[in-house]
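Asks: Got a structure for you, questions after.
The values are calculated or read from the model by the stated rules, or taken from the named source; none is laboratory data. What you see is a predicted model, and the numbers here were worked out from it, not measured in a lab. Every residue, glycine as well, gets a Cβ built from its backbone with ideal geometry; the counts of neighbours run over all protein chains shown.
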Amino acid sequence: MKGLLSIIVFLFGGIITAVYIGFGFQTSPETTVVDEELIGLHEKYTLKFSHVVARNTPKGLAAAYFAELVKEKTNGWVEVQIFPNGVLYSAQEEFEALQRGDVHIIAPAFSEVTLHDKKWVAMDLPFLFDNEAMVEQAFNGRVGEILLNSIETKGYKGIAFWDNGFKQLTNNERPIVYPEDIKGLSFRVMPSEALFKTYRTIGARAITFPFNEVYNVLQDGIVDGQENTLSNIYSKGFYKQQKYMTISNHNYLGYVILVDPTLWNTIPEIYQESIQEAMDEVTLWLREHAKELNKEMFLRIAGSGITEIHELSEEEKVQWRKELKRLYEEYELTIGKELMEEIRKLQIDRDN
């Protein structure tokens, strides 16, 4: 009996040992390793993209294309929902909505960013750029790098610069050719201190209204004119309320694509890469498309016969630059010496 009991105990112990070894009840740390790149890969992400312009503008079309590419590149695991025309928030409300997590992507104009980061005032200096090539050089170079690093310190992550085009002047009073022609007139502008001072310097008055109110304030005669790109002037029908337009190219209207850095860091790295890849492709596409669209809108406005158009000559632009040059010196302290030096490097060929 004792021998039988010993045999049973021996066999039972062997079974326990075999189970322990065979089924891996080891305490090795290797069994608890988690591949961080795989976390969240089986979760669907929905990103709300809010902007304030029409669907058929450069920004509106780019946003829609971006949503398509993200869906394609993530096999549907990331969906970008587009909310155009300010249906959710006005331009300034978007910043707070982004930080609250109510939206996840916004594309504010540079002038709107100046209320959150003074360095961005640099983008509103008059006659900063001569052409699209100069704009691209700035965005892809040190100027763009300084601006994105600066806005990140304010709690926003910038992932791209989007193009729209150069701004033109429209008004209901008289043709504007020289700086003295603008004296006494009032213009709707975006909420940028540099834009206010630009108009004040040449004897005009600047007033801020939300973008979606501009048509009405022009129609009601609350302001004499406004400044905007050709695509916005046409898509929003501003030209229908304005007798005169000057092709001045006095400022460049671009956008920065901002996301909440906290949210961004919760998205799996593989999806981040796909989103950024889609954004880069759209940015390149938009650069060419915006130029073509603005040309087309110019022809439509000219063909309407509603608005008398004057295009500033190079000699006329020299007069404007001379009148407004003091603003560069005034804002150097605000935007910083490093950024101003980079801007001057871009302008050397023009000014020599």
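Asks: Hey, any hits in segment 303-319 for a residue that's in contact with a strand residue (DSSP E or B) (Cβ under 7 Å, 6 or more places away or on another chain) and either of a type in the set (D, E, K, R) or without any contact (Cβ under 8 Å) to a residue 24 or more places away in the chain (or both)?
Replies: Yes, some residue in segment 303-319 is in contact with a strand residue (DSSP E or B) (Cβ under 7 Å, 6 or more places away or on another chain) and either of a type in the set (D, E, K, R) or without any contact (Cβ under 8 Å) to a residue 24 or more places away in the chain (or both).
Asks: With the condition kept exactly as written, say whether any residue in segment 175-190 is of a type outside the set (Gly, Ala, Ser), surrounded by 20 or more Cβ atoms within 10 Å (Cβ to Cβ), farther than 26 Å from ILE267 by Cβ and at pLDDT below 95.
Replies: yes
Asks: Moving on to the next point. Considering only segment 74-111, state which residues are in a helix (DSSP H, G or I), in contact (Cβ under 8 Å) with a residue 60 or more places away in the chain and either on the phi > 0 side of the Ramachandran plot or surrounded by fewer than 19 Cβ atoms within 10 Å (Cβ to Cβ) (or both).
Replies: Result: GLN99, single match.
Asks: Could you give me the residue pairs with C-beta distances under 7 Å whose first residue belongs to segment 176-200 and is assigned to a loop (DSSP other than H, G, I, E, B), whose second residue is among the hydroxyl-bearing types (Ser, Thr, Tyr) wherever it lies, and which are 6+ apart or on separate chains?
Replies: ILE176/TYR244; ILE176/THR246; MET190/SER111; MET190/THR208; PRO191/SER111; PRO191/THR208; SER192/SER111; SER192/THR114
Asks: If you don't mind, there's one more thing I want to ask. When only residues in segment 201-213 that are in contact with a helix residue (DSSP H, G or I) (Cβ under 9 Å, 6 or more places away or on another chain) and assigned to a helix (DSSP H, G or I) count, which is surrounded by the most Cβ atoms within 10 Å (Cβ to Cβ)?
Replies: So the residue we want is PHE211.
Asks: Something else now. Looking at segment 313-320, can you tell me whether even one residue there is among the hydroxyl-bearing types (Ser, Thr, Tyr) and not in a helix (DSSP H, G or I)?
Replies: Yes: one or more hits.
Asks: Another one. Given LEU346, LEU339, LEU286, LEU312, which one is closer than 30 Å to LYS73 by Cα and surrounded by 13 or more Cβ atoms within 10 Å (Cβ to Cβ)?
Replies: From the options LEU346, LEU339, LEU286, LEU312, the qualifying one is LEU286.
Asks: Among the residues of segment 233-246, are any touching a helix residue (DSSP H, G or I) at 6+ places or on another chain (Cβ under 9 Å) and part of a strand (DSSP E or B)?
Replies: Yes, segment 233-246 contains at least one residue that is touching a helix residue (DSSP H, G or I) at 6+ places or on another chain (Cβ under 9 Å) and part of a strand (DSSP E or B).
Asks: I would also like to ask the following. Need the failing condition index for ASP124 against (1) in contact with a Pro (Cβ under 8 Å, 6 or more places away or on another chain); (2) crowded, with 21+ Cβ neighbours inside 10 Å, just the number.
Replies: (1)
Asks: How about segment 94-131: which of its residues are farther than 16 Å from ILE159 by Cβ and β-branched (Val, Ile, Thr)?
Replies: Scanning segment 94-131 gives THR114, VAL121.
Asks: Oh, and also: I need a count of the residues in segment 121-148 that are of a type outside the set (S, T, N, Q), in contact (Cβ under 8 Å) with a residue 60 or more places away in the chain and assigned to a helix (DSSP H, G or I).
Replies: Qualifying residue count, segment 121-148: 15.
Asks: Given TYR234, TYR239, which one is of a type in the set (Phe, Trp, Tyr) and in contact with a Ser or Thr (Cβ under 6 Å, 6 or more places away or on another chain)?
Replies: None of the other options fit; the residue is TYR239.
Asks: Given the structure, is ILE301 within 27 Å of the chain's Cα centre (by Cα) and within 28 Å of SER231 (Cα to Cα)?
Replies: yes
Asks: Continuing with this model, one more query. For LEU258, indicate whether it is in a strand (DSSP E or B), under 21 Å from the mean Cα position of the chain (by Cα) and of a type outside the set (Val, Ile, Thr).
Replies: yes
Asks: Condition test on VAL223, is it of a type in the set (A, V, I, L, M, F, W, C) and part of a helix (DSSP H, G or I)?
Replies: Against the criterion (of a type in the set (A, V, I, L, M, F, W, C) and part of a helix (DSSP H, G or I)), VAL223 does not qualify.
Asks: Follow-up question, since we're still on this one. Identify, by number, the condition in (1) in a loop (DSSP other than H, G, I, E, B); (2) touching a helix residue (DSSP H, G or I) at 6+ places or on another chain (Cβ under 6 Å) that VAL282 doesn't meet.
Replies: VAL282 satisfies every listed condition except (1).
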